[in-house]
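These notes concern the structure reproduced below.
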Amino acid sequence: GQQLNQSPQSMFIQEGEDVSMNCTSSSIFNTWLWYKQEPGEGPVLLIALYKAGELTSNGRLTAQFGITRKDSFLNISASIPSDVGIYFCAGRSGGSNYKLTFGKGTLLTVNP
Amino acid sequence: DGGITQSPKYLFRKEGQNVTLSCEQNLNHDAMYWYRQDPGQGLRLIYYSQIVNDFQKGDIAEGYSVSREKKESFPLTVTSAQKNPTAFYLCASSISGSQPQHFGDGTRLSIL
């Protein structure tokens, strides 16, 4: 089946630093999604990407759909303490396949 | 407020017991999903439903059952056949199968 490798597994950064994380797939995806999950809560959608090469921002967050369609990147600029959480990527291969494949997440800790 | 409501927040199961997790949405979404989340893991799909009175098995359906009698509701039953039920269960919905999924706040199931 499809596999997503998400890295890094965890990050410890100082407030104000920029953050980068990425996901790579063994197969092509038509949609990439990025979610953030805080303890005891469900994931919240941050950014959705639908086209190879697409670059989309949501405030301090920027995500890109890789041109090979097998990878995606999420950047967070000028991190703040409330950025703490687990960030998940998810991909969908498209067509009649409605299933999402999720990465294992990147745990982000921000030291004030 | 529009959203996805999961209940209860915490649930305990005795040996040999079936338990049912509730998921209700008032977003008028056609598609609904159940995921299981284990520590350090991505989300794994249990069942999904694209439309009322229809549902499909996901990647880990064994030991679980669902129904979709109403558009707003997609309850999940964890049967006694599921030998390792302890996990965080997440329900999601989307406008259609090809649109981004939005999540409830989860139910944490534990064994007594």
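Values in this text are rule-based calculations from the coordinates and carry no lab data. Bear in mind that the values here come from a model prediction, so they are computed numbers and not experimental data. Here Cβ is always computed from backbone atoms with ideal geometry, including for glycine, and neighbour counts include all displayed protein chains.
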Alpha carbon centre of the range B:1-43 versus the range A:51-111: separation in Å? 24
Simple Cβ-charge dipole of the protein assembly as shown, Lys/Arg +1 and Asp/Glu -1, about Cα centre, in debye nearest 20: 560
Magnitude of the Cβ-charge dipole (Lys and Arg +1, Asp and Glu -1) of chain A about the Cα centre, nearest 20 debye, reported as 540
Packing-based exposure ordering (other Cβ within 10 Å, fewest first) of A:Glu15, A:Glu54: A:Glu15, A:Glu54
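Report, as an integer, the average count of C-beta atoms from other chains found within 10 Å of each Cβ along A:38-49.
Working: counts 1, 0, 6, 5, 14, 10, 2, 5, 0, 1, 2, 0.
Mean shielding count: 4.
What is the diffusion coefficient of the protein assembly as shown in µm²/s, taking the Kirkwood radius over Cα pairs and the Stokes-Einstein relation at 10 °C with a viscosity of 1.306 mPa s?
On the way: Rh = 18.0 Å.
D = 88 µm²/s.
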With only Lys, Arg, Asp and Glu charged, each at its Cβ (+1 for the first two, -1 for the last two), find how big the charge dipole of chain B is about the Cα centre; round to the nearest 20 debye. 300
Can you pull the mean other chain C-beta count within 10 Å for peptide B:47-59? 1
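Find the relative contact order for chain A and round it to a whole percent, using C-alpha pairs within less than 8 Å whose residues are 6+ positions apart. Provide the component values of the computation, followed by the final result.
Details: 291 pairs, mean separation 40.5, N = 112.
Worked out over chain A, it gives 36 percent.
A:Thr62 to A:Glu41: FRET efficiency via 1/(1 + (r/R0)^6), r the Cβ-Cβ distance, R0 25 Å, to the nearest 0.05? Walk me through the numbers on the way to the answer.
Numbers: r = 23 Å, r/R0 = 0.94.
The pair A:Thr62/A:Glu41 has a calculated efficiency of 0.60.
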Would you mind calculating the relative contact order of chain B from Cα pairs under 8 angstrom and at least 6 residues apart, reporting the percent as a whole number? 35
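Peptide B:100-112: average number of partner chain Cβ atoms within 10 Å per residue? Can you show the working numbers first?
Values: counts 10, 8, 5, 7, 3, 4, 5, 0, 1, 0, 0, 0, 0.
Going residue by residue through B:100-112 and averaging, the value is 3.
How high is the relative contact order of the range B:14-68? Use alpha-carbon pairs under 8 Å, at least six apart in sequence, and give a whole percent. Don't skip to the end; give the middle numbers.
Working: 65 pairs, mean separation 13.1, N = 55.
Here the relative contact order equals 24 percent.
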Can you give the extra length, in nm with one decimal, that the chain gains between B:Ser67 and B:Lys9 once fully stretched, where that is 0.36 nm per residue apart less the Cα-Cα distance? 18.9 nm
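Most exposed first by the Cβ proxy, i.e. fewest other Cβ within 10 Å, how do A:Thr101, B:Thr86 rank? Don't jump to the answer; show the numbers that get you there.
Values: A:Thr101 24, B:Thr86 12.
Ascending Cβ contact count within 10 Å gives the list B:Thr86, A:Thr101.
How do A:Met11, B:Met32, A:Met21 line up, fewest other C-beta atoms within 10 Å first? Walk me through the numbers on the way to the answer.
Numbers: A:Met11 18, B:Met32 27, A:Met21 22.
Ascending number of Cβ neighbours within 10 Å: A:Met11, A:Met21, B:Met32.
I need the calculated FRET efficiency for the pair A:Asp18 and A:Ala52, taking r as the beta carbon distance and R₀ as 25 Å, to the nearest 0.05.
Details: r = 24 Å, r/R0 = 0.97.
After rounding to 0.05, the efficiency reads 0.55.
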